Amino acid sequence: MQRGKGMKFVGDSRIKANNKMPNVPKDYSEYPGKTEAFWPNFLLKEWMIGAIFLIGYLILTVAHPSPLEREADPADTMYIPVPDWYFLSMYQLLKYQFASGPFNIIGALVMPGIAIGALMLVPFMDTSKERRPFKRPLPTAFMLLAFAAMFFLTWEAVENHDWEKAKAAGAIVAEVEFDMESEGYQIYAGASCISCHGDAFEGGLGLPLIDTGLSADEIAHIAVNGTESGGMAAGLWEGTDEELATLSEFIEGLKSE
């Protein structure tokens, strides 16, 4: 016998017909697949899961804050900006010859446009109701190809980028007051030191020159003979001994205190 057949329902005159109990959800047991009310049961579970992820995300941001770099300087041509990790694949793509230089429009617009357009057309090209990946070869192959390309390009971007140099170029360094009209600074700028060490001695291709802790003699020695680590090559100084002495004393006096 089917449920409810042959049963009689008796009303109770003490209960109002329009009585509503807003805090009690409807009984969906008669409807297969709908075993709970959307409000508040289902939404409450969604909110709880969302709150857990939000709290976890906040804990990660506090425990591992984003690294800060020095203030952006549009005039600093030595600094090489790097996008966030999810754009590293595009960053790497623009390094290849077929997508850079005169072909930059291909790497920046044409190739990403084709990929996004193909992704938008997949639902129209594959109308199968199958849910199993091997029964849907076209979208499965496209997604695997897209994932492989993004993974490879991201890996190449990470491997080929000089992260230590980038970290040094963006590091927050101490500032120092100096006179741009002084003889030492004029020699510094005229000897092309400024191209590697920055116009404010903040560093770039070369190290910062503020608070080096080196004496004037040590600075003069490095300017002529370079460094053993290879950070600065020998033979770059082309000025006179008097200019070198003036420059070395000037750099020795660059202290942030």
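From the list Asp162, Asp211, exactly one residue is under 34 Å from the mean Cα position of the chain (by Cα), closer than 25 Å to Val82 by Cβ and surrounded by fewer than 16 Cβ atoms within 10 Å (Cβ to Cβ). Which is it?
Asp162
Yes or no: Phe201 more than 23 Å from Gly170 (Cα to Cα), aromatic (Phe, Trp, Tyr) and touching a residue at least 12 places away in the same chain (Cβ under 8 Å)? Talk me through it step by step, then tell me what you get.
Details: more than 23 Å from Gly170 (Cα to Cα): no; aromatic (Phe, Trp, Tyr): yes; touching a residue at least 12 places away in the same chain (Cβ under 8 Å): yes.
Criteria not met by Phe201.
Can you tell me which condition Val122 does not meet? The list is (1) among the aliphatic types (A, V, I, L, M); (2) surrounded by fewer than 11 Cβ atoms within 10 Å (Cβ to Cβ); (3) free of Cβ contacts under 8 Å to residues at least 24 places away in the same chain, and all the others hold.
Failing condition for Val122: (2).
Can you find a residue that is among the polar types (S, T, N, Q), part of a helix (DSSP H, G or I) and touching a residue at least 40 places away in the same chain (Cβ under 8 Å) anywhere in segment 222-235?
Looking through segment 222-235, none of the residues is among the polar types (S, T, N, Q), part of a helix (DSSP H, G or I) and touching a residue at least 40 places away in the same chain (Cβ under 8 Å).
Can you find, within segment 219-257, the residue that is nearest to the chain's Cα centre (by Cα) among those that are acidic (Asp, Glu) and closer than 21 Å to Phe178 by Cα?
Looking at the filtered set, the residue picked out is Glu257.
If you go through segment 130-159 one residue at a time, how many are loosely packed, with under 11 Cβ neighbours inside 10 Å and outside any helix (DSSP H, G or I)?
From segment 130-159, those loosely packed, with under 11 Cβ neighbours inside 10 Å are 130-132, 134-135, 147-148, 159; that's our starting set.
Keeping just the survivors that are outside any helix (DSSP H, G or I) gives 130-132.
Residues that pass the stated criteria total 3.
Being of a type in the set (A, V, I, L, M, F, W, C), under 28 Å from Leu205 (Cα atoms) and in a loop (DSSP other than H, G, I, E, B), is that true of even one residue in segment 161-172? Step through it out loud before you land on a result.
Residues of segment 161-172 that are of a type in the set (A, V, I, L, M, F, W, C), as a first pass: 163, 166, 168-169, 171-172.
After this cut, where a residue has to be under 28 Å from Leu205 (Cα atoms) as well, the list is 163, 166, 168-169, 171-172.
Checking the rest, the ones that are also in a loop (DSSP other than H, G, I, E, B) come to 171-172.
Yes - at least one qualifying residue is present in segment 161-172.
Go over the candidates Gly206, Gly184, Gly239, Gly213 one by one and state the one that is small (Gly, Ala, Ser), in contact (Cβ under 8 Å) with a residue 24 or more places away in the chain, part of a loop (DSSP other than H, G, I, E, B) and closer than 26 Å to Arg70 by Cβ.
Numbers: Gly184 fails: part of a loop (DSSP other than H, G, I, E, B); Gly239 fails: closer than 26 Å to Arg70 by Cβ; Gly213 fails: in contact (Cβ under 8 Å) with a residue 24 or more places away in the chain.
Matching residue, one of Gly206, Gly184, Gly239, Gly213: Gly206.
Here is a yes/no grid of residues against (1) modelled with pLDDT under 90; (2) in a loop (DSSP other than H, G, I, E, B):
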| site | (1), (2) |
| --- | --- |
| Pro25 | yes, yes |
| Tyr28 | yes, yes |
| Thr35 | yes, yes |
| Leu43 | yes, no |
| Ile52 | no, no |
| Ile55 | no, no |
| Leu58 | no, no |
| Pro65 | yes, yes |
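Taking Ile194 and the conditions (1) at pLDDT 80 or above; (2) in contact with a Phe, Trp or Tyr (Cβ under 9 Å, 6 or more places away or on another chain); (3) surrounded by 15 or more Cβ atoms within 10 Å (Cβ to Cβ), which numbered condition does it fall short on, given that it satisfies the others?
Evaluating Ile194 over (1) at pLDDT 80 or above; (2) in contact with a Phe, Trp or Tyr (Cβ under 9 Å, 6 or more places away or on another chain); (3) surrounded by 15 or more Cβ atoms within 10 Å (Cβ to Cβ) leaves (1) as the failure.
The values are calculated or read from the model by the stated rules, or taken from the named source; none is laboratory data. In this text the structure is predicted, and so the values were computed from the model without any measurement. Every residue, glycine as well, gets a Cβ built from its backbone with ideal geometry; the counts of neighbours run over all protein chains shown.
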